[in-house]
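Here is the structure we will look at.
The values are calculated or read from the model by the stated rules, or taken from the named source; none is laboratory data. The model shown is predicted, which means the values in this text are computed figures rather than measured ones. Cβ: placed from backbone, ideal geometry, glycine included. Neighbour counts: every protein chain shown. Just so you know, the surface numbers come from the protein's heavy atoms only, side chains and all, with ligands and any DNA or RNA stripped out. Shrake-Rupley method; radii C 1.70, N 1.55, O 1.52, S 1.80 Å.
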Amino acid sequence: MSKEVIESGKAVLGIEFGSTRIKAVLIDEEHKPIAQGAFEWENQLVDGLWTYSIDTIWKGLQDCYADLRADVKKQYGCEIEKLAGIGISAMMHGYMAFNDQAEILVPFRTWRNTNTGKAAAELSELFVYNIPLRWSISHLYQAILNGEEHVKDITYLTTLAGYIHWQLTGQKVLGVGDASGMLPINPETKNYQADMVQKFDQLLTANGLPFHLLDILPKVLVAGEDAGVLTVEGAQRLDPSGHLQAGISMCPPEGDAGTGMVATNAVKQRTGNVSAGTSSFSMIVLEKDLSKPYEMIDMVTTPDGSLVAMVHCNNCTSDLNAWVNLFKEYQELLGVPVDMNEVFGKLYNNALNGDADCGGLISFNYISGEPVTGLTEGRPLFVRSANDKFNLANFMRAHLYASVGVLKIGNDILFNEEHVKVDRITGHGGLFKTKGVGQRVLAAAINSPISVMETAGEGGAWGIALLAAYLVKNDRQLSLADYLDEVVFAGQAGVEIAPTAEDVAGFNRYIENYKACLPIEEAAVSNKA
């Protein structure tokens, strides 16, 4: 069956550029993955800025696609010649600036760079809107403030997904979700905020620059809109073997936040998702705008243009994993065979036997700085008093709480101050691998039922493949939310865990202790401990 889908050109391809891996997923007519490919890569620090070279971007894309072709040959003994649709997604934000010869003017500056503090602060004040450090408009304005010579030569500014799509189709477009990480979007017009464009144009004029902002930004498209087709040159760049034919429809390129929403069926208003792994973030789809800007809440959109409140935390499970590895070493010292799934499972489940407030124990999991709590650097710390209940269950529970503690601080603003209403939140990522534990902890943290779906592990490449399928297979003209509900997920709500009153009260006591102890973390950072 899958072989017939591939040979008849009915399969759909999604490719996502993550920060450590490029992944390709081929899906069938039931939206199920039937083949995959991958390429591992790492960013480089060049002249003090995090980047990926253009050569590495294309090598990664071609090697990832070649790996997919090899998987198809191995499983089905055939070649990919035609496809029904293709989607490209990538990590959001950053800065890719090109001249009129389509040459990149400075190395790609990724979302990870934090050299844009002055620009982000000035723009946040000018726009009366939280503009994060990693957003493309912050990078552009910082380059202007720095007096960088290349700025006057810019004819196009885009994201990584927008760049790849442009090169494959010739179209300078961007999905609205990815575009919302370049410049704020008006949810009514599904386009850049006109008043902010006007204010920024005044800055461009004041700095003697020869262009207007809209001259250099990609055109904004919503999910389901035509974003061009794969050109002959694009087909050759994607598949140098020459098997893949041109003319394939391509959906608007999107950011990884948007594809995560799609992969967890969380694009409808009053839904949300939480990704919890090395870092964590929550995305809550809003019914209306917040009453005022908050520095710890980023405003982006779904791929179909609904406003989303995003709380992004730099740290999540890395410190927790380091402690689990310590127990692994102890087990090895005893000569006991180590199965890491068993180690995680035993420790995580034992944490549920601890006190609801962790017996007073506190963990700061700050491997790196944490903007939400105002720390530019991090120091992992474990804090307890002599009178606290120090046992293994409370110890592990404290580290699990810490993994979503900062996320709670941000979301408390949404639920307690802005009174945002949510019907369903879906969790995905490594924290939820041990069934039931991460869900229960997160449910207590944000006082909301948490669902986990088996398909959530498919990730962003699957999410962008679904968006490509939505473009080419939406015969019923459904909205994106209805297409996901009725066609892709067809009633799959996943396994839901609701918070208990005891867990919620315990987590609230823990987080008050946590905030009271933040000066200890601040002292460790300021004293270079």
Inset, instruction - Note down all Cβ pairs under 6 Å where the first residue falls in segment 213-227 and is buried (at least 18 other Cβ atoms within 10 Å of the Cβ), the second is among the acidic types (Asp, Glu) and in a helix (DSSP H, G or I), and they're at least six residues apart or on different chains. - result: LEU213/ASP201
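Looking at the structure I just gave you, is ASN314 touching a Ser or Thr at 6+ places or on another chain (Cβ under 6 Å), at negative phi and surrounded by fewer than 23 Cβ atoms within 10 Å (Cβ to Cβ)?
On the way: touching a Ser or Thr at 6+ places or on another chain (Cβ under 6 Å): yes; at negative phi: yes; surrounded by fewer than 23 Cβ atoms within 10 Å (Cβ to Cβ): yes.
For ASN314, the condition - touching a Ser or Thr at 6+ places or on another chain (Cβ under 6 Å), at negative phi and surrounded by fewer than 23 Cβ atoms within 10 Å (Cβ to Cβ) - is met.
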Inset, instruction - Name the single residue, out of those in segment 278-300 being within 24 Å of ASN321 (Cα to Cα) and open to solvent by 20 Å² or more (accessible area, probe 1.4 Å), that is farthest from the chain's Cα centre (by Cα). - result: THR278
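Looking only at segment 289-304, which residues are over 20 Å from VAL487 (Cα atoms) and in contact (Cβ under 8 Å) with a residue 12 or more places away in the chain?
Within segment 289-304, the subset over 20 Å from VAL487 (Cα atoms) is 289-301.
Answer for segment 289-304, where residues must be over 20 Å from VAL487 (Cα atoms) and in contact (Cβ under 8 Å) with a residue 12 or more places away in the chain: ASP289, LEU290, SER291, PRO293, TYR294, GLU295, MET296, ILE297, ASP298, MET299, VAL300, THR301.
Looking only at segment 3-23, which residues are farther than 14 Å from GLY459 by Cβ and either open to solvent by 30 Å² or more (accessible area, probe 1.4 Å) or not small (Gly, Ala, Ser) (or both)?
Of everything in segment 3-23, those that are farther than 14 Å from GLY459 by Cβ and either open to solvent by 30 Å² or more (accessible area, probe 1.4 Å) or not small (Gly, Ala, Ser) (or both) turn out to be LYS3, GLU4, VAL5, ILE6, GLU7, SER8, LYS10, VAL12, LEU13.
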Inset, instruction - Kindly establish whether ALA322 is on the phi < 0 side of the Ramachandran plot and in contact with a helix residue (DSSP H, G or I) (Cβ under 9 Å, 6 or more places away or on another chain). - result: no
Inset, instruction - Output the number of residues of segment 236-281 satisfying the condition of being within 25 Å of LEU61 (Cβ to Cβ), aliphatic (A, V, I, L, M) and touching a residue at least 24 places away in the same chain (Cβ under 8 Å). - result: 8
Legend entry - Residue tally, condition of a type in the set (Val, Ile, Thr), open to solvent by 40 Å² or more (accessible area, probe 1.4 Å), part of a helix (DSSP H, G or I) and closer than 20 Å to ALA398 by Cβ, over segment 480-529: 1
Inset, instruction - Answer yes if at least one residue in segment 420-436 is closer than 20 Å to ALA257 by Cα, assigned to a helix (DSSP H, G or I) and either open to solvent by 10 Å² or more (accessible area, probe 1.4 Å) or acidic (Asp, Glu) (or both), and no otherwise. - result: yes
Inset, instruction - Give, as residue ranges, the strands (runs of 3 or more DSSP E) completely inside segment 82-201 that count at least 2 residues that are farther than 16 Å from GLY255 by Cα and modelled with pLDDT of 95 or more. - result: 96-98
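Restricting to segment 40-54, and then to whatever is at negative phi and assigned to a loop (DSSP other than H, G, I, E, B), can you tell me which residue is most open to solvent (accessible area, probe 1.4 Å)? It would help to see each step written out before you state the result.
Within segment 40-54, the first condition is being at negative phi, and the residues that meet it are 40-46, 49-54.
Those still in the list that are assigned to a loop (DSSP other than H, G, I, E, B) too: 41-43, 52-53.
Working: TRP41: 13, GLU42: 107, ASN43: 28, TYR52: 4, SER53: 51 Å².
The qualifying residue most open to solvent (accessible area, probe 1.4 Å) is GLU42.
May I ask you to say which residue of LEU361, LEU375, LEU347, LEU381 is open to solvent by 10 Å² or more (accessible area, probe 1.4 Å), of a type outside the set (S, T, N, Q) and under 16 Å from VAL441 (Cα atoms)? Outline the logic, then answer.
Values: LEU361 fails: open to solvent by 10 Å² or more (accessible area, probe 1.4 Å); LEU375 fails: under 16 Å from VAL441 (Cα atoms); LEU381 fails: under 16 Å from VAL441 (Cα atoms).
So the residue among LEU361, LEU375, LEU347, LEU381 that is open to solvent by 10 Å² or more (accessible area, probe 1.4 Å), of a type outside the set (S, T, N, Q) and under 16 Å from VAL441 (Cα atoms) is LEU347.
When you scan segment 448-470, do you find a residue that is more than 23 Å from the chain's Cα centre (by Cα), surrounded by fewer than 23 Cβ atoms within 10 Å (Cβ to Cβ) and touching a residue at least 12 places away in the same chain (Cβ under 8 Å), even just one?
No, the conditions are met nowhere in segment 448-470.
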Legend entry - Residues located in segment 24-39, provided they are open to solvent by 30 Å² or more (accessible area, probe 1.4 Å) and assigned to a strand (DSSP E or B): PRO33, GLN36, ALA38, PHE39
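Based on what the data block shows, is GLY378 more than 21 Å from the chain's Cα centre (by Cα) and not in a helix (DSSP H, G or I)?
yes
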